[in-house]
Amino acid sequence: MEKHLASCAKELEGVEAELRRRDIFYKEQLGRIERKNAEMYKLSSQHFHEAATRLEATVKPRRVDPVCSGLQSEILRCYRDNLQEVLKCSDLVKAYQHCVSTAQKG
């Protein structure tokens, strides 16, 4: 009976040793995978930022300040002053259209 217990204990120690080896192996594998994943993330992030920077350089910045606001005010005033004869404002409208067109090209 003692031999049987000793045999079982030895077998159990062998199984435990194998489990420890596998645990170490899988932890090492997990560490490698996590490092590789971190490298891939860093590289992907770097590529994304490089592409975004290149794209930003090709996009024309938009103008945020109002264009031809002086002429716009004059047109509105002209319309108010000439409610029945709005054609009197046509020269201002043409000047405004020209101003906007020039601003778009610039």
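Restricting the search to the stretch 68-106, which residues are outside any helix (DSSP H, G or I) and touching a Cys at 6+ places or on another chain (Cβ under 7 Å)?
C68, N82
Residues checked against (1) at pLDDT below 90; (2) touching a His at 6+ places or on another chain (Cβ under 9 Å); (3) charged (D, E, K, R):
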{"residue": "A51", "(1), (2), (3)": "no, no, no"}
{"residue": "R54", "(1), (2), (3)": "no, no, yes"}
{"residue": "R62", "(1), (2), (3)": "yes, no, yes"}
{"residue": "V67", "(1), (2), (3)": "yes, no, no"}
{"residue": "E74", "(1), (2), (3)": "no, no, yes"}
{"residue": "C78", "(1), (2), (3)": "no, no, no"}
{"residue": "N82", "(1), (2), (3)": "no, no, no"}
{"residue": "L87", "(1), (2), (3)": "no, no, no"}
{"residue": "S101", "(1), (2), (3)": "no, no, no"}
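Which of the residues that make up the stretch 65-101 are charged (D, E, K, R) and open to solvent by 90 Å² or more (accessible area, probe 1.4 Å)?
Result: R77, R80, D81, E85, K88, D91, K94.
The values are calculated or read from the model by the stated rules, or taken from the named source; none is laboratory data. The shown structure was predicted, so the numbers you read here are calculated from the model rather than taken from an experiment. We place every Cβ from the backbone using ideal geometry, glycine too, and count neighbours over all the protein chains shown. Side chains are part of the model used for accessible areas, which takes the heavy atoms of the whole protein and leaves out ligands, DNA and RNA. Shrake-Rupley method; radii C 1.70, N 1.55, O 1.52, S 1.80 Å.
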